[in-house]
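Engineer: Have a look at the structure that comes next, please.
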Amino acid sequence: MDAESDGLIRDSALPRDLGLHYAGLAAPRELGGYGVEASAASLRRLEFVHRRSVFLEAAHLVLRSLWELKAALGRHLYEDAAAADALRTRILDLRQNPSVLARDPDQRLTLVMDELIQARSDDELLVGLYGVVKPALLDAARSYTATTQQIVDEPSVRLLRPIVADLEAQVAWGERAIRVLVDERGLRPDVAEFEERLQGFLGAAGGIAAGGDATATAGRRWRSTQPVALPSTAIRDERMPRTSVYRVGAPDRYEPGRDAERRLIHMMRTRQEEMVVAEVVAAVIWHEQHQPWELTLDLARHEWDEMRHALMGQAALEAEGVDWMRYPQFTGDYDLNATNMAAAQYAWLNGIEQSAMKRTGKRAEYEFCRDEAHHPLMTQFQDFDWADEVKHVHIGREWTTHMYDGDAAKARTAANQAVAEFWSGVDQAAIAETGKLPWYREQPESTTAG
């Protein structure tokens, strides 16, 4: 049957305009706001704030007390590192010498970040980071994507899309936190000066996008005449009664003879207490700012993995109705390593994680949850925890060797010494308080840190 005999009239000619223009790119014929040099300059400002936020969030992850704020900083640190890395790659595409990535693009922005890191409380950090700087960073990223020419600069627009999405989520979280922790508790007057000062410094810089009026000089320092120092012991908020350098678990949650239940709850608590591992990695990030950017990027991933492990443990405990905050919080990983050099701290962690690769380590934890405890949620958690730790061993081996001048043997020796000193400190603290070793230290298959 031909086209005419079926009663239909067909026109095979394509219309001139199919409405499928320019691969879906918007405003293809409009002149953009940036040439290559101006684009690179604008993206450098965004990259700088994201990069400096990584180090700021690393420091305050340790310095701040509130559990939920620590967790958010752990996530946002990783997101900022990913954003900075993507922007660094794009900046080099725009005919820039790699040396520009080692320089601050504007001393006025440097002063903004120098003053922000001087926040002295959870509340000051909340209003400074999530009430001033992150909203300005989000506005700058949105403005750039809306202003640049959509064809010629599509790579920038595309890489900024997930960055904007992350910033939107960060700012939304921060707004909720400020409302609950600052405004509803009547604490806005306590942070007003810090907020106003930061707004002033940011205004003097012309904003992050440098689109407004800017003063010629950076201005004078306020608090940032003094360096930031990390504490010698980990900090927990007032809902957690005390800390311990050996693990206590949840001793009232299991009965004698119910060894599987005891081990399961202890494993949940061990995951939940990995907050302290995230703090160790964050401290290394802070102290090793002079290292190659690639180290910072890898350790940002490592830190966020450890923070997620803490959240896994929290979720598992809360699913079982365990009030985990009322038990002593293990902080031995940080407390017993805080006075070590940062390279030794990371070597210690790599030594601990190497031991978890034994047959009695992460694989055994996963199989226990699956085959003995029959706990689907913890089985899934331990499955992914095991995968993360394999990645960490590779990251740790690479960067501890780097930090020990490329000498793998020296790095291994440092790790072995740090691990031995750590276990000695754990055991001594437990014996001093209870007269005996922690029960899990007497288990031959134990690879638990602390």
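Engineer: Right, Ala415: part of a helix (DSSP H, G or I), surrounded by fewer than 16 Cβ atoms within 10 Å (Cβ to Cβ) and small (Gly, Ala, Ser) or not?
Structural biologist: Considered against the rule, which asks whether it is part of a helix (DSSP H, G or I), surrounded by fewer than 16 Cβ atoms within 10 Å (Cβ to Cβ) and small (Gly, Ala, Ser), Ala415 comes out as no.
Engineer: Which ones in segment 15-34 are in a loop (DSSP other than H, G, I, E, B) and exposed (fewer than 10 other Cβ atoms within 10 Å of the Cβ)?
Structural biologist: Pro15, Arg16, Asp17, Leu18, Gly19, Leu20, Arg29, Leu31
Engineer: Every residue in segment 213-256 that is β-branched (Val, Ile, Thr) and in a loop (DSSP other than H, G, I, E, B), please.
Structural biologist: Result: Thr215, Thr217, Thr225, Val228, Thr233, Ile235, Val245, Val248.
Engineer: Something else now. Please state which one of Arg308, Arg326 is charged (D, E, K, R) and surrounded by fewer than 19 Cβ atoms within 10 Å (Cβ to Cβ).
Structural biologist: Being charged (D, E, K, R) and surrounded by fewer than 19 Cβ atoms within 10 Å (Cβ to Cβ) holds for just one of Arg308, Arg326, which is Arg326.
Engineer: Just checking, does segment 366-379 include any residue being β-branched (Val, Ile, Thr), part of a helix (DSSP H, G or I) and modelled with pLDDT of 95 or more?
Structural biologist: Looking through segment 366-379, at least one residue is β-branched (Val, Ile, Thr), part of a helix (DSSP H, G or I) and modelled with pLDDT of 95 or more.
Engineer: Still on this structure: Output the residues belonging to segment 89-139 that are over 24 Å from the mean Cα position of the chain (by Cα) and over 20 Å from Ser156 (Cβ atoms).
Structural biologist: Within segment 89-139, Ser99, Gln107, Arg108 meet the criteria.
Engineer: If I ask for residues that are buried (at least 22 other Cβ atoms within 10 Å of the Cβ) and not acidic (Asp, Glu), which ones from segment 78-90 would you list?
Structural biologist: Tyr78, Ala81, Ala83, Ala84, Leu87
Engineer: State whether the residues of segment 358-373 include one that is surrounded by fewer than 22 Cβ atoms within 10 Å (Cβ to Cβ), touching a strand residue (DSSP E or B) at 6+ places or on another chain (Cβ under 6 Å) and not β-branched (Val, Ile, Thr).
Structural biologist: no
Engineer: Answer yes if at least one residue in segment 144-151 is closer than 17 Å to Ala83 by Cβ, without any contact (Cβ under 8 Å) to a residue 40 or more places away in the chain and not in a loop (DSSP other than H, G, I, E, B), and no otherwise.
Structural biologist: Yes.
Engineer: Here are the criteria: (1) without any contact (Cβ under 8 Å) to a residue 12 or more places away in the chain; (2) assigned to a helix (DSSP H, G or I); (3) more than 23 Å from the chain's Cα centre (by Cα). Tell me which single one Phe422 does not satisfy.
Structural biologist: Evaluating Phe422 over (1) without any contact (Cβ under 8 Å) to a residue 12 or more places away in the chain; (2) assigned to a helix (DSSP H, G or I); (3) more than 23 Å from the chain's Cα centre (by Cα) leaves (1) as the failure.
Engineer: Follow-up question, since we're still on this one. Scanning segment 246-272 for residues that are closer than 18 Å to Met378 by Cα and at pLDDT below 85, which turns out surrounded by the fewest Cβ atoms within 10 Å (Cβ to Cβ)?
Structural biologist: Tyr254
Engineer: Can you tell which of Arg75, Arg95, Arg108 is surrounded by 21 or more Cβ atoms within 10 Å (Cβ to Cβ), touching a residue at least 12 places away in the same chain (Cβ under 8 Å) and among the charged types (D, E, K, R)?
Structural biologist: Answer to the check: Arg108.
Engineer: Condition first: more than 21 Å from Glu365 (Cα to Cα) and among the charged types (D, E, K, R). Now tell me which residues in segment 380-413 satisfy that.
Structural biologist: Arg397, Glu398, Asp405, Asp407, Lys410, Arg412
The values are calculated or read from the model by the stated rules, or taken from the named source; none is laboratory data. Because the structure is predicted, anything quoted here is derived from the model rather than measured. Don't worry about glycine lacking a Cβ; one is built from the backbone with ideal geometry, like all the others, and counts go over all protein chains shown.
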